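Participant: This is the structure I have questions about; it appears just below.
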Amino acid sequence: MNIADGNKLLRCHSRWFFLAITFFLWTAASHLGAQGDISKRIVSIVPAVTEMLFEIGAGEQVVGISSFASYPNDVKSLPRVGALLDPNIERILSLKPDLVVLHNSQTDAIEQMRRGGIEVFLYRHGGISDATEMVRRLGRRTGRTIKAMMVAKQVEVKLQSIRTRVSKYPKPKVLLVLGREPDTIRNVYASGGIGFLNDMVTAAGGINVFAHIQNEAVRPTAEGVLAASPDVIIEIRAEGLLSPTTTSNQPNVWDALSAIPAVQKDRVYFLTGSDLVVPGPRVAKATERLARTLHPSAFK
Amino acid sequence: MTVGKSDALLCANAVSYAYQSIPVISDVTVTAKSGDCIGLLGPNGSGKTTLLHLLAGLIAPVSGSVELNGIKLDQLGRRAIARQLALVPQETALVFDYSVSEVALMGRYSHLDTFANETQEDLDIIEQCLLVTGTLDLANRLFSTLSGGEKQRVVIASALAQLMPSSANSIAATDPVLLLDEPTTSLDLRYQLLIAEVLQKLRGQQTVTLVLSTHDLNFAAGLCDQLILLREGKIIASGPTESVLTAEHVRELYGIDADVTNHQKTGRLLVVPIKEA
Amino acid sequence: MPTGLNHPKAAFSYRSYSTLIALGLAAVSICAIGPIIGPTPINWRAVFDRTIPFAENVDAQIFFIARLPRSIAGALVGAALASAGVVLQALFRNPLATPFTLGVSSGASLGALLVVIIGAPLAISGLPAVPLASFAGAVGAISIVYVLARSRRQGLSTSILLLSGVTLNSLFSAIIMFVQYLADYTESFQAVRYLMGNLDVSSYTPIVWALPLLIVAGIGFSWLPRALNLLTLGSTGAAARGVNVLQTQRIAFLSASLATGAAVSLGGPIGFVGIIVPHIVRLLLGSDHRLVLPASAFAGAAFLVTCDVAARTLMSPLELPVGVITAILGGPFFLWLLVRSK
């Protein structure tokens, strides 16, 4: 090795060294700078955000959760402060939070928090990318920036791998059913073209039959379903009152519409789990479940 | 009144009635023979309306019984009673509007089967009844557009139509009874006269037996041959008009001093109130 | 006496029969148009093409599964609610009485929502849980109201009927609110949408189950018309003319409640049909119930099918709940009624 090479080496290394120092200083600064802005007592009325907080390691900073939160297990012991329609302001205040996560439609509650001088983190229902972005934001608010970035990145990477896996298969038309009247196909409540459910279907290698409807939810009639002619019907439910055994015992109500391809090819599925309906860090896992349902051969 | 019970067309035998344990009628006996015209007199709250409803079989007495042609009312069906006995209530207010003919035709209900419709015979009958009460020219008008007096006469026509026999029914009402609850209250003098004339005509021509309640002592005096004075649900006097309608009875009934005289021109009794007793 | 001019007109003549027949035909025609209209273009030849197996014939399925039962249900529900409205207005001697006055519809809604929100699969021989629970709720409400109103010695008290109905409405509505509160977001939304009415039966089963109830109610209705006419005079006046008032009230109450319960179990609580249609029919045809009752049934069927078509096409491809359409028509109608009656 001569001096010229050595210099070049030094210059290469110094570039990296310089970058490393900058990065370290910046992270330290963000930590230090954020020290005053880190929320230590968080009340979260949004289950998705609660999951995110636990996933990024900020679980100990959560002091109150929504009535409907069920994941992870640690939340079971935390005090519940109500939900979207009925936030219990007294309970929230009694927990002395420094940050309250509210839905951006809960205008009354937001106003009351602002009056109490308590910081509010606004949540809006959105697509998957909104969810990962929110994870990052939460990371900054809770002083878990790096972990948050990792979690978000993991989700994105996993989603990308799913997309790649299923990319070479033809995309079936999918009807994603979120709810309906029991034992019948009345009052079907399905995913529209906006929102994380639609994103999940797309990432899983399917085409939402109602992708053209610019709404999160659609209520198709029997005629609407027949006209949409889905190749696959997936019914998803959160756990809770409807146990998995109940769904499997139900006669296939979709047989009434035998002209749709999903019924003819016997591609009607029931999936349950809170991971399917909460746009939180488990969304990639949920997408994988969808992908395995749509393209089983891609996962052999 | 010494009248054999078997002669009686409609009689109430010692009936009593109470509403929510408050006695309204106590031990009242009314006997109406065919062709009688009986007036029930008494102040407000004396039980006149209740007595009429008992006589019509609309309510059941707590004790005692009411008989029509010797048969107890509770043993006769509603329709059977209605074919012989009609009641003209004090007021008739319709919620939905019907024409005068339709109101008159309602009187034919008891003569028709549930699913049968009115026939030409029924239409002829109501035409006659409207004629008798002087309301035929109102036949196609809406009931609600009539004056109080016209309404009352239409309802009387309807009650008459109810009592007319029809060829479809073998049970001919030979002795129809008409009960009227204060037929002239809230009517002006002209209509009072007209109604009195109609009722007289009914007594005479159609041999309808009448039992009516009224405030108007003079109206009763002019029309009825027998009077029953009711006070707080009890009879204080009953009998022929001349012997019942006296100044003492008026004082007992209404608590006022009145002069009871014979009116020169009409020959009827006239009661003129003078002062409080 | 000028008899010629003022000869009483025959009350219920052949003219009335021909009016009813004409109305009936008109109603059937309007209801027949219902399945023809819809957001999806249909290949009509394919619908009736027997060579295509039904299980694969999308056009046939759209017509026979999605649209036809819907129109039939609309006609039945419309006829039932309108007839029940006529009968109840006569029973209560009140032009503002509706089939929902007696607490029947809120009882039916409570039954339905309990099933929707708790999600219990209770299907019995093909009949889905919601219509079943809905009807059970209706029967429960009817029984409570009837027992309460019967406690007086003098038969059926209409004022107690009315009060019990109103009280029951409030009670059931409160319970419905509570049940909705327990539900999660999706279920709440479903509950709210249920309460707006939905004729998309997409199957003949609920219709087949509702038919016997409607037929029984219809038999009761056929017995009533002249008695209802006389009931207008008041119970004293009617009884004096030979009407068995208690029996009439019982039959009226029970058949109207049965019809309403069946209607709500088929299409949810669709309001205003029971008050708009009887009023317009009375306005045009007079008050004789022998004409008004069947005419209202026909008109109610045509009216609701038309509202359903409007619900499907006004904001196509989105669908409005049919109860919203009837409410949009009904609200101003009520106001007009009030103003007119002054």
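Participant: Under the condition of being within 14 Å of another protein chain (Cβ to nearest Cβ) and modelled with pLDDT of 90 or more, which residue from region A:179-194 is surrounded by the fewest Cβ atoms within 10 Å (Cβ to Cβ)?
Facilitator: A:Gly193
Participant: Quickly run through region B:80-103 and pick out the residues that are at the interface with chain C (Cβ under 8 Å from one of its Cβ atoms) and either polar (S, T, N, Q) or on the phi > 0 side of the Ramachandran plot (or both).
Facilitator: B:Thr92, B:Ser99, B:Ser101 - these are the residues of region B:80-103 that are at the interface with chain C (Cβ under 8 Å from one of its Cβ atoms) and either polar (S, T, N, Q) or on the phi > 0 side of the Ramachandran plot (or both).
Participant: Among the helices (runs of 4 or more DSSP H) contained in region A:1-106, which hold 3 or more residues that are of a type in the set (Lys, Arg) and at pLDDT below 80?
Facilitator: Working: elements: A:3-35, A:47-55, A:89-94.
Because the criterion is at least 3 residues that are of a type in the set (Lys, Arg) and at pLDDT below 80, the helices (runs of 4 or more DSSP H) in region A:1-106 that meet it are A:3-35.
Participant: So B:Pro240 fits all but one of (1) in contact (Cβ under 8 Å) with a residue 40 or more places away in the chain; (2) under 24 Å from B:Ser34 (Cα atoms); what number is the exception?
Facilitator: The failed condition is (1).
Participant: With B:Thr119, B:Thr50, B:Thr114 as the choices, which residue is in contact with a Phe, Trp or Tyr (Cβ under 8 Å, 6 or more places away or on another chain) and within 20 Å of C:Ala227 (Cβ to Cβ)?
Facilitator: Result of the check over B:Thr119, B:Thr50, B:Thr114: B:Thr114.
Participant: Looking at this structure, is B:Leu217 buried (at least 20 other Cβ atoms within 10 Å of the Cβ) and closer than 20 Å to B:Tyr191 by Cβ? Write out each step before concluding.
Facilitator: Numbers: buried (at least 20 other Cβ atoms within 10 Å of the Cβ): yes; closer than 20 Å to B:Tyr191 by Cβ: yes.
Criteria met by B:Leu217.
Condition check ((1) buried (at least 23 other Cβ atoms within 10 Å of the Cβ); (2) aromatic (Phe, Trp, Tyr); (3) at pLDDT below 90) across all residues:
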site	(1), (2), (3)
B:Ala80	no, no, yes
B:Leu85	yes, no, no
B:Thr92	no, no, yes
B:Phe96	no, yes, yes
B:Ser101	yes, no, no
B:Thr114	no, no, yes
B:Gln120	no, no, yes
B:Phe143	yes, yes, no
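Participant: Another question about this same structure. In region B:235-249, how many residues are within 19 Å of B:Pro43 (Cβ to Cβ) and surrounded by fewer than 15 Cβ atoms within 10 Å (Cβ to Cβ)?
Facilitator: Adding up the residues that qualify gives 1.
Participant: Here's something else I'd like to know. Output the residues belonging to region A:209-224 that are closer than 11 Å to A:Leu176 by Cα, at the interface with chain C (Cβ under 9 Å from one of its Cβ atoms) and either buried (at least 22 other Cβ atoms within 10 Å of the Cβ) or touching an Asp or Glu at 6+ places or on another chain (Cβ under 8 Å) (or both).
Facilitator: A:Val218
Participant: Tell me yes or no: at least one residue of region B:30-39 is within 15 Å of C:Ala240 (Cα to Cα), of a type outside the set (D, E, K, R) and modelled with pLDDT of 90 or more.
Facilitator: no
Participant: Considering each of C:Ala97, C:Ala75, C:Ala112, C:Ala66 in turn, give the residue that is surrounded by 24 or more Cβ atoms within 10 Å (Cβ to Cβ), away from chain A (no Cβ under 14 Å) and assigned to a helix (DSSP H, G or I).
Facilitator: The unique qualifying residue is C:Ala75.
Participant: What number goes with the only condition from (1) under 24 Å from C:Val243 (Cβ atoms); (2) in contact (Cβ under 8 Å) with a residue 24 or more places away in the chain; (3) in contact with a strand residue (DSSP E or B) (Cβ under 8 Å, 6 or more places away or on another chain) that B:Asp74 does not pass?
Facilitator: It fails just one condition, (2).
Participant: Moving on to the next point. Exactly one condition in (1) of a type outside the set (Phe, Trp, Tyr); (2) within 14 Å of chain C (Cβ to nearest Cβ); (3) within 15 Å of A:Leu290 (Cα to Cα); (4) assigned to a loop (DSSP other than H, G, I, E, B) is not met by A:Gly205; state its number.
Facilitator: Looking at each condition in turn, A:Gly205 falls short on (2).
Participant: Part of a helix (DSSP H, G or I), among the aromatic types (Phe, Trp, Tyr) and within 14 Å of chain B (Cβ to nearest Cβ): is that true of C:Phe221 in this structure? Explain how you work it out, then say what you get.
Facilitator: Numbers: part of a helix (DSSP H, G or I): yes; among the aromatic types (Phe, Trp, Tyr): yes; within 14 Å of chain B (Cβ to nearest Cβ): yes.
For C:Phe221, the condition - part of a helix (DSSP H, G or I), among the aromatic types (Phe, Trp, Tyr) and within 14 Å of chain B (Cβ to nearest Cβ) - is met.
Participant: How about region C:224-243: which of its residues are in contact (Cβ under 8 Å) with a residue 24 or more places away in the chain, facing another protein chain (nearest Cβ under 8 Å) and assigned to a loop (DSSP other than H, G, I, E, B)?
Facilitator: C:Thr232, C:Gly234
Participant: Check B:Leu187, B:Leu136, B:Leu160, B:Leu229 and return the single one that is free of Cβ contacts under 8 Å to residues at least 12 places away in the same chain and of a type in the set (A, V, I, L, M, F, W, C).
Facilitator: On the way: B:Leu187 fails: free of Cβ contacts under 8 Å to residues at least 12 places away in the same chain; B:Leu160 fails: free of Cβ contacts under 8 Å to residues at least 12 places away in the same chain; B:Leu229 fails: free of Cβ contacts under 8 Å to residues at least 12 places away in the same chain.
Checking each option against the conditions leaves just B:Leu136.
Participant: Under the condition of being at the interface with chain C (Cβ under 8 Å from one of its Cβ atoms) and of a type outside the set (A, V, I, L, M, F, W, C), which residue from region B:104-119 is farthest from B:Glu150 (Cα to Cα)?
Facilitator: B:Thr114
Participant: Right, something else. Where residues in region B:50-78 are closer than 19 Å to B:Leu40 by Cβ and facing another protein chain (nearest Cβ under 8 Å), which of them is surrounded by the most Cβ atoms within 10 Å (Cβ to Cβ)?
Facilitator: Filtering first and then ranking leaves B:Ala56.
Participant: Which of the following residues is under 16 Å from the mean Cα position of the chain (by Cα) and either farther than 30 Å from C:Arg282 by Cα or charged (D, E, K, R) (or both): B:Thr174, B:Thr209, B:Thr133?
Facilitator: After ruling out the rest, the residue left standing is B:Thr209.
Participant: Here is a further query. Please count how many residues of region C:310-339 are farther than 19 Å from C:Gly274 by Cα and assigned to a helix (DSSP H, G or I). Break it down stepwise before answering.
Facilitator: Initial filter on region C:310-339 (farther than 19 Å from C:Gly274 by Cα): C:312-320, C:339.
Those still in the list that are assigned to a helix (DSSP H, G or I) too: C:312-313, C:339.
The number of residues fulfilling the criteria is 3.
Participant: Starting from region B:247-267, keep only residues that are part of a helix (DSSP H, G or I), then list their pairs with residues that are among the polar types (S, T, N, Q) and surrounded by 14 or more Cβ atoms within 10 Å (Cβ to Cβ) whose Cβ atoms are within a distance under 9 Å, requiring at least 6 positions of separation or different chains.
Facilitator: B:Leu253/B:Ser46
Conditions tested, residue by residue: (1) in contact with a Gly (Cβ under 9 Å, 6 or more places away or on another chain); (2) of a type in the set (A, V, I, L, M).
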{"site": "C:Asp59", "(1), (2)": "no, no"}
{"site": "C:Ile62", "(1), (2)": "yes, yes"}
{"site": "C:Gly74", "(1), (2)": "yes, no"}
{"site": "C:Val87", "(1), (2)": "yes, yes"}
{"site": "C:Leu96", "(1), (2)": "no, yes"}
{"site": "C:Ser106", "(1), (2)": "yes, no"}
{"site": "C:Val115", "(1), (2)": "no, yes"}
{"site": "C:Ile118", "(1), (2)": "no, yes"}
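Participant: Exactly one condition in (1) within 7 Å of another protein chain (Cβ to nearest Cβ); (2) among the polar types (S, T, N, Q); (3) over 20 Å from C:Gly234 (Cβ atoms) is not met by B:Thr133; state its number.
Facilitator: (1)
Participant: Out of the residues in region C:28-63 that are facing chain A (nearest Cβ under 10 Å) and hydrophobic (A, V, I, L, M, F, W, C), state the one that is surrounded by the most Cβ atoms within 10 Å (Cβ to Cβ).
Facilitator: The selected residue is C:Ile62.
Participant: What number of residues within region C:193-218 are within 11 Å of another protein chain (Cβ to nearest Cβ) and either in a helix (DSSP H, G or I) or β-branched (Val, Ile, Thr) (or both)?
Facilitator: 5
Participant: Based on what the data block shows, is B:Asp188 in contact with a strand residue (DSSP E or B) (Cβ under 7 Å, 6 or more places away or on another chain), away from chain C (no Cβ under 14 Å) and at pLDDT below 85?
Facilitator: No; evaluated as a whole, the condition is false for this residue.
Participant: If you don't mind, another one. Consider region B:97-120. How many of its residues are in contact with a Ser or Thr (Cβ under 6 Å, 6 or more places away or on another chain), under 16 Å from B:Pro165 (Cα atoms) and either free of Cβ contacts under 8 Å to residues at least 12 places away in the same chain or not hydrophobic (A, V, I, L, M, F, W, C) (or both)?
Facilitator: Total satisfying the criteria: 2.
The values are calculated or read from the model by the stated rules, or taken from the named source; none is laboratory data. Quick caveat: nothing in here was measured; it's all calculated off a predicted structure. Because the Cβ atoms are built from the backbone with ideal geometry, glycine has one as well, and the counts that use them run over all protein chains shown.
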